[in-house]
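The values are calculated or read from the model by the stated rules, or taken from the named source; none is laboratory data. Computed from a predicted model, the values in this text were never measured in an experiment. Because the Cβ atoms are built from the backbone with ideal geometry, glycine has one as well, and the counts that use them run over all protein chains shown.
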Amino acid sequence: MNHEHYEQLVSQFMDRELDSRSENELFLHLSTCDNCRRLLRASWQLQTDILQGKPKRQIEATRPSAVRLPAQVYPLWVTRISIPLPAAASIVFLLIIGSLLFSPMILQGEMPRPETKIEQTLPIPPDLQKALQLYK
Amino acid sequence: MDSISERELVQRIQHGSQDALSAAYEQYSDGVFAYCLRILADRQLAEDVVQDTFLKVRHYAASLQQDDSFRSWIFRIARNEALMQLRKRRLDSQLDDGSVWSEETPHEQLVALERSEIVNRLLESLKREYREVLVLLVYENMSYAEIATVTGITESSVKSRIFRARKAMIEKLGSYMKE
């Protein structure tokens, strides 16, 4: 068995990928081989060093707990005109209802006429009364 | 949200739960960031890739099969995104000259550094394909099978790359520590 075989076993042992049979084989070898024991120690040390150098995110402290995921993408008509749209629709609706309610009254002459008020508040001259009679 | 299983987490994401997606983000985004940073060597770019990765997780969650490992799937997406960034910047070397090193840091520069800094420099000097398997193994505690899933290579290639990268780093480190 060449020495690289045992070096590979050391590597796999480090990575928790060794079955029990190979593990026994490695331990037997380690009891007699200084080089492989050194390699195992060096591997452990390297693993620790690499892990200690794991990069940390600098934004950790400022990151909101609720995730920095980009917001759900909504269509333009929802995000930009979601408030004006109902308001505009309400105004148009009122205009339509108003025109439907009042236009027949105007056409049929049912709207209150100025003479009613005039009659109630001011004395109407006789010639004006005649003129107003024409519009009845 | 901590107590739910990975499968349940995936199911909730597939049903459009924003809370579940947030939980996945909290659980995996730091690891994804560290991995991407080791590929890209650029913090801002790595952050961008993290964001893009989780957008894709949300978008493609329905395509995730029950047998797939959620963590491996996320890291595979992150890897694809990171490699796309590398290709955009033409920083990914495809040359295979049999060496594990992509560049040689001048000896004098390393001798003066602390051990942890030397290890960092050596890790950065590894070729990307060696560096990434080592990072997934050590940072994420992944098995050979998981690393193979993420990187799209065979388990025996993963084993071989880790062995070669580790051995090369130990030899280099040994030569600096003696001085």
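For B:GLU108, are the conditions met, namely being part of a helix (DSSP H, G or I), of a type in the set (D, E, K, R) and modelled with pLDDT of 80 or more?
Details: part of a helix (DSSP H, G or I): yes; of a type in the set (D, E, K, R): yes; modelled with pLDDT of 80 or more: no.
In short, no.
Residue pairs whose Cβ atoms lie under 9 Å apart, sitting 6 or more positions apart in sequence or on different chains, and linking a residue in the range B:6-25 that is assigned by TED's automatic domain parsing to the domain that holds B:ARG58 to a partner that is acidic (Asp, Glu) and outside any helix (DSSP H, G or I), are B:VAL10/B:ASP68; B:ALA23/B:ASP2.
Summed over the range B:161-179, the residues that are in a loop (DSSP other than H, G, I, E, B) and acidic (Asp, Glu) give a count of 1. Restricting attention to the range B:84-100 and to residues that are at pLDDT 65 or above and either under 17 Å from the mean Cα position of the chain (by Cα) or among the hydroxyl-bearing types (Ser, Thr, Tyr) (or both), the residue that is farthest from B:LEU45 (Cα to Cα) turns out to be B:SER99. For B:VAL57, state whether it is outside any loop (DSSP other than H, G, I, E, B), within 11 Å of chain A (Cβ to nearest Cβ) and within 25 Å of B:ARG121 (Cα to Cα). For B:VAL57, the condition - outside any loop (DSSP other than H, G, I, E, B), within 11 Å of chain A (Cβ to nearest Cβ) and within 25 Å of B:ARG121 (Cα to Cα) - is not met.
From the residues in the range A:6-34 that are surrounded by fewer than 12 Cβ atoms within 10 Å (Cβ to Cβ) and part of a helix (DSSP H, G or I), which one is nearest to the other protein chains (Cβ to nearest Cβ)? Lay out the reasoning, then the answer.
Here is the first cut: in the range A:6-34, the ones surrounded by fewer than 12 Cβ atoms within 10 Å (Cβ to Cβ) are A:16, A:19-21, A:24, A:27-28, A:31-32, A:34.
Still in the running and part of a helix (DSSP H, G or I): A:20-21, A:24, A:27-28, A:34.
Values: A:SER20: 17, A:ARG21: 17, A:ASN24: 20, A:PHE27: 19, A:LEU28: 20, A:ASP34: 14 Å.
Among residues in the range A:6-34 that are surrounded by fewer than 12 Cβ atoms within 10 Å (Cβ to Cβ) and part of a helix (DSSP H, G or I), the one nearest to the other protein chains (Cβ to nearest Cβ) is A:ASP34.
Restricting the first member to the range B:27-49 and to residues that are closer than 16 Å to B:LEU134 by Cβ and within 10 Å of chain A (Cβ to nearest Cβ), and the second to residues that are in a helix (DSSP H, G or I) and hydroxyl-bearing (Ser, Thr, Tyr), the beta-carbon pairs closer than 6 Å and six or more apart or on different chains are B:ALA34/B:TYR139. Residues in the range B:138-160 that are touching a residue at least 60 places away in the same chain (Cβ under 8 Å) and in a helix (DSSP H, G or I) were compared, and the one that is surrounded by the most Cβ atoms within 10 Å (Cβ to Cβ) is B:VAL150.
Any idea which residue in the range B:123-140 is farthest from A:GLN45 (Cα to Cα), counting only those that are more than 9 Å from every other protein chain (Cβ to nearest Cβ) and more than 11 Å from the chain's Cα centre (by Cα)?
Step one: of the range B:123-140, the residues more than 9 Å from every other protein chain (Cβ to nearest Cβ) are B:124-133, B:136, B:140.
Subset that is more than 11 Å from the chain's Cα centre (by Cα): B:124-127.
Values: B:GLU124: 18, B:SER125: 19, B:LEU126: 18, B:LYS127: 21 Å.
My answer is B:LYS127.
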